[in-house]
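These notes are about the structure you will find just below.
The values are calculated or read from the model by the stated rules, or taken from the named source; none is laboratory data. As the structure is a prediction and not an experimental result, all values here were calculated from the model. Note that we place each Cβ from the backbone using ideal geometry, even for glycine, and neighbour counts take in every protein chain shown. Quick note on the areas: whole protein, heavy atoms, side chains included, nothing else; ligands and nucleic acids left out. Shrake-Rupley method; radii C 1.70, N 1.55, O 1.52, S 1.80 Å.
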Amino acid sequence: DANHTDKLYPSFSISYDHKYPSKVLLSYSLKGSYTHTDKEGALLQENSWLSYTHENFIDLNPRVKLTVPIGKKVSSYASVNYFYSNSRQHYVENDRRQDTRLINGQAIIEAGANYNVHRNTSLTLRLQERVVTTDAGYGSGTQSYFTPAVYMSYRFLRNNNIKFGVFSGVYDPVLSYYTAEEKRVDDYVVRVGNPDLKLMKPLGVNLMWASA
């Protein structure tokens with residue numbers, strides 16, 4: 001029984017901020033990465049098997065954000081964020097071969113504001129729309145999600161903070177969940193995905209205390 005994995009992971013990040021009068025801020029950023037994975041697995045017993053996985057993964061994330069203060073207590077913002085990922089995998093198990101892919105594009109349009117309720121208390125409201133396109137090689141589909149959030153922060157005893165939030169989002173798709181062919185994970189588990197899988201939209205609650 002043997003397993004071996006090699007990975008290559010170069011990445012880059014570029015950002016630029018431009019300040020206008022009245023503390024208006026326009027921000028640009030571009031991030032990206034490339035991941036190359038080679039994985040080998042083997043079981044040399046009565047029911048022996050050999051497997052090899054070759055995967056290339058690319059992701060890009062351009063973003064534009066405008067921040068506009070309103071008076072002394074409110075800071076508003078609007079942003080457009082786009083996530084693109086392309087995963088291609090070649091899998092061989094004994095004499096069986098399969099090639100799979102997953103292309104995902106997610107546009108996030110967001111607007112929100114932070115309100116300083118009191119010297120030690122702030123409230124943040126986020127309105128967000130996500131448009132997600134997924135192509136697993138069996139046809140592409142596009143879905144839209146409304147994912148708002150609200151957060152409250154309270155500072156006490158100098159540098160102690162309590163933060164509470166209620167938020168919603170969308171889980172990013174994973175290639176292995178969409179692959180219809182069988183793929184051996186280990187000696188006892190064989191994974192089979194679903195090409196028609198729908199994205200999950202979770203609702204979460206977050207409570208955090210921080211001290212510095």
*Where residues in region 166-212 are touching a Ser or Thr at 6+ places or on another chain (Cβ under 8 Å) and aliphatic (A, V, I, L, M), which of them is modelled with the highest pLDDT?*
LEU203
_Pair list, Cβ under 8 Å, 6 or more apart: region 157-169 residue over 17 Å from ASN206 (Cβ atoms) and open to solvent by 70 Å² or more (accessible area, probe 1.4 Å), other residue part of a loop (DSSP other than H, G, I, E, B) and among the aliphatic types (A, V, I, L, M)_ = ASN159/ALA212
*Among the residues of region 61-94, which ones are in contact (Cβ under 8 Å) with a residue 40 or more places away in the chain, farther than 30 Å from ALA136 by Cα and among the hydrophobic types (A, V, I, L, M, F, W, C)?*
LEU66, VAL68, ILE70, VAL74
*asked:* Looking at THR67, THR100, THR53 in this structure, which one is of a type outside the set (A, V, I, L, M) and touching a helix residue (DSSP H, G or I) at 6+ places or on another chain (Cβ under 7 Å)?
replied: THR100
*Scan of region 13-41 for residues that are surrounded by 10 or more Cβ atoms within 10 Å (Cβ to Cβ), among the aromatic types (Phe, Trp, Tyr) and in contact with a Ser or Thr (Cβ under 8 Å, 6 or more places away or on another chain), ordered by number*: TYR28, TYR34
*asked:* Just to verify a result, which residue in region 95-123, among those that are open to solvent by less than 40 Å² (accessible area, probe 1.4 Å) and touching a residue at least 40 places away in the same chain (Cβ under 8 Å), is nearest to PHE57 (Cα to Cα)?
replied: LEU102
*For region 146-162, which residues satisfy the criterion of being over 15 Å from THR121 (Cβ atoms) and modelled with pLDDT of 90 or more?*
PHE146, THR147, PRO148, ALA149
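Yes/no matrix, rows are residues, columns are (1) over 23 Å from the mean Cα position of the chain (by Cα); (2) modelled with pLDDT of 95 or more:
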position	(1), (2)
THR5	yes, no
SER15	no, yes
PRO21	yes, no
SER27	no, yes
GLY41	yes, no
TRP49	yes, no
SER76	yes, yes
*Quick check, is ALA136 under 20 Å from the mean Cα position of the chain (by Cα), more than 25 Å from LYS163 (Cα to Cα), of a type in the set (A, V, I, L, M, F, W, C) and open to solvent by less than 30 Å² (accessible area, probe 1.4 Å)?*
yes
_Condition first: farther than 30 Å from GLY71 by Cα and of a type outside the set (D, E, K, R). Now tell me which residues in region 98-118 satisfy that._
GLN98, THR100, LEU102, ILE103, ASN104, GLY105, GLN106, ALA107
_Which pairs turn up if I take residues in region 28-40 that are within 30 Å of THR67 (Cβ to Cβ) and look for partners that are of a type in the set (Val, Ile, Thr) and open to solvent by 70 Å² or more (accessible area, probe 1.4 Å) with beta carbon separation below 6 Å, at least 6 apart in sequence or on another chain?_
LEU30/ILE14
